[in-house]
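Take a look at the structure below.
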Ligand SMILES: Nc1ncnc2c1ncn2[C@@H]1O[C@H](COP(=O)(O)OP(=O)(O)OP(=O)(O)O)[C@@H](O)[C@H]1O
Ligand SMILES: [Mg+2]
C-alpha cells in the first residue's frame, strides 16, 4: 500500500449546522483510492448529511469538498450509492435486471430501448455479485439480503469512482451483512474504488475498515479503528466517561449519554448488538 | 338493432374516445400505482369536478374548468411530494373541501341538471367530434410526456432515494407525474365520470402489476386491460339499458380479480 494513491474525496473544513445547532466543524479528510472509511456515530449526528454533501445534495455550512477533483454535484454520475435495505412492495413492477439497469441509465431521458451493450453490462454486474439467478425475479419477492446484492450490482454497474453506502446492513442477518461487506471490500481491492460506509454497528466492518470517522455530538474523531475506538478517544468525543469493551472479539461501547433509560434504541452507537 | 347501432356516427365517436382515454389512463396508472398515490387520483378527479362545476356557473366550457381544476391540485400535490400518512390526510382534507366547493357551484348553477350528472357518472355516448379532438390532443401530450421521461419517471417513482443520488430531479418528476395524471383524469372524467376515474387509472395498472414484473410489459398490459374495459363497456351498454360506466368498472374489476387469483406468471 503506497501513499501515492490518488485522493478521490478531498474534504476541507466542513461544517454542518442547522440553525443554531452545530453538528460538526472543521471536518477535513482525504479519501484515497482503495480505502474503506467507516462512518459511525449515534443517531442524528449527521452521517446521512455527510453522504448527501458528498453527493452534492446538501451544501455544507462551511468548507469545501471535491469528488474526483470536481464539485460533488458534477461528479454524481461517477458515484455509486447503496441505500438502506427497504422492502419493495411485492407487486413492484421491477425485476432484478430492471433495478440494476436503472443504476446504469435510469437518469437519462427517453425510453431507453434495448441495447446489447447495456444488457451485457447488467448481466456482468449481476454475475459479479452472485445475483445472476435474480435476473428475472420480481424485486419485491426477494429477501432483504438478496435485494442488497442487487443494490450493490446497481451501484457498480455504472463503474463508479466512489461508493457511498448509508446503513446498507440495517435489518440484515449476520450472513447477509457479511456478504454485503465482502462484496464492497472486494470491489475496493480489485478496482480501487474507495468506500464510505455508514453504519451503526462497527463490528461487521471491523475486519475491512482502514479508517473510522466517528461523529459525536458536536465533535468528531478520525483515525485507524484501533485508535478511535478506545475508551479515551470516545470519552473525549462524548465529553463523558464511556467504556469501550472487547467481548468475544466484538466491540461494545457502554455509557454513552444516549445509552441511558430503558427504551433506548440499542444500536445508537458502535457495536451494541 | 345492435349492428344498426354499430353503424352510427356517435357510436364510432364513443369507441374512439374510449380508446384514447384507455391508452392514457392505462399508461399513467402504472406510475401512479408504484408511487402509492391511488388516493391522489380521487382527489384530482373530484377537484376536476369542482373546476367543471365552476365553469358551468361562469358559463364557460366545463372541460376547460375540469382541466384547470385537476391541474391545480395535481401541481400542488406534486410539489408537496408528501409521503405516507401525511399525504393521505392532506389529500383527504383538500378533497373534502374541494368537493364542498363543487356542491356550492352546483347549487348556484341554473342550467340542466344532466350536465352535473354527466360529470359525476360519465357520458361517453354524448362525446362530440370537437371533444374527441381535444381528447386526442391531450392524449398525445400525456403519452409524449411519459415517453420522454420514461426512465427517470420509473426510477423516481419506484426507487426515489437512489434516483436522487444519481441526480434525477425527483421533485420535478413528481410534479410532472401529477400534472400528467391531472390531464389524464380530466380525460377519463368525460368517459366514466368523476366517481369512477379510479376504474380506468388504478384498477388496470394494479391488475397488470400482479401479472408481470417487467415494467414495460406492465404498462402495455395496463393499457390493454383499460382498452378492453372501455370498449367492452361501451359495446355492452349498447345492448343493455344499463350505464356504460357500470360495465367499464365491472370489466376492469373482473380483470383485477383474475389477476389476483392467477396461478401463472408472465
Ligand atoms: N435539511 C435539514 N434541515 C434541518 N435539519 C436537518 C436537515 N437535515 C438533517 N437535519 C438534522 O440534522 C441532524 C442529522 O441528520 P442526519 O440524517 O444526517 O443524521 P444521521 O447521523 O444520519 O442519523 P441516523 O443515525 O438516525 O440516520 C438530524 O437531527 C436532522 O434532524
Ligand atoms: Mg442516517
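Quick note: the coordinates plus some simple rules give every number you see, no bench work behind them. Because the structure is a prediction, the values reported are computed rather than measured. For neighbour counting, all protein chains shown are included, and Cβ atoms are generated from backbone atoms with ideal geometry for every residue, glycine included.
Details
- DSSP bridge analysis restricted to the range A:7-266 gives an antiparallel fraction near 60%, rounded to the nearest 5.
- The range A:21-49-the range B:194-257 distance, computed between alpha-carbon centres (Å): 51
- Order of A:24, A:109 - criterion: other Cβ atoms within 10 Å of each residue's Cβ, fewest first: A:109, A:24
- Chain A: angle of helix A:96-105 to the longest principal axis, Cα-based, in degrees nearest 10: 80
- Residues of the range B:151-195 with amide N under 17 Å of the 7 Å Cα→Cβ point at residue B:103: B:195
- Computed over the range B:2-260: relative contact order in percent, which uses C-alpha pairs under 8 Å that are six or more apart: 33
- Length released on extending from residue A:21 to residue A:178, taking residue separation times 0.36 nm less the Cα-Cα span: 52.9 nm
- Separation between Cα centres of the range A:59-74 and the range A:119-133, rounded to whole Å: 32
- At an R0 of 51 angstrom, the distance between the Cβ atoms of residue B:58 and residue A:108 translates into a FRET efficiency of 0.70.
- Once the chain from residue A:124 to residue A:227 is taken as fully extended at 0.36 nm per residue, the excess over their C-alpha distance is 33.2 nm.
- Rough spin-label spacing in nm, given labels placed 7 Å along Cα→Cβ, for residue A:73 and residue B:115: 4.9
- Cα shape, chain B, gyration tensor, a/c 1.5 rule: oblate
- The alpha carbon centroids of the range A:138-183 and the range B:33-89 are separated by 39 Å.
- Each Cα pair under 8 Å and six or more residues apart adds its sequence gap; the mean of these over the residue count of the range A:7-266 is a relative contact order of 24 percent.
- In the range B:93-222, Cα pairs under 8 Å separated by at least six residues give a relative contact order of 29 percent.
- Residue exposure sequence - B:66, A:222, B:261 - by fewest surrounding Cβ within 10 Å: B:261, A:222, B:66
- Cα-based helix-to-principal-axis angle, A:116-128 vs chain A, degrees rounded to 10: 40
- Residue A:159 paired with residue A:115, simple spin-label distance in nm, labels 7 Å along Cα-to-beta-carbon: 1.3
- Residue exposure sequence - A:91, A:227 - by fewest surrounding Cβ within 10 Å: A:227, A:91
- Normalised by 2.2 N^0.38 Å, with N the number of residues, the alpha-carbon radius of gyration of the range A:20-157 equals 1.22.
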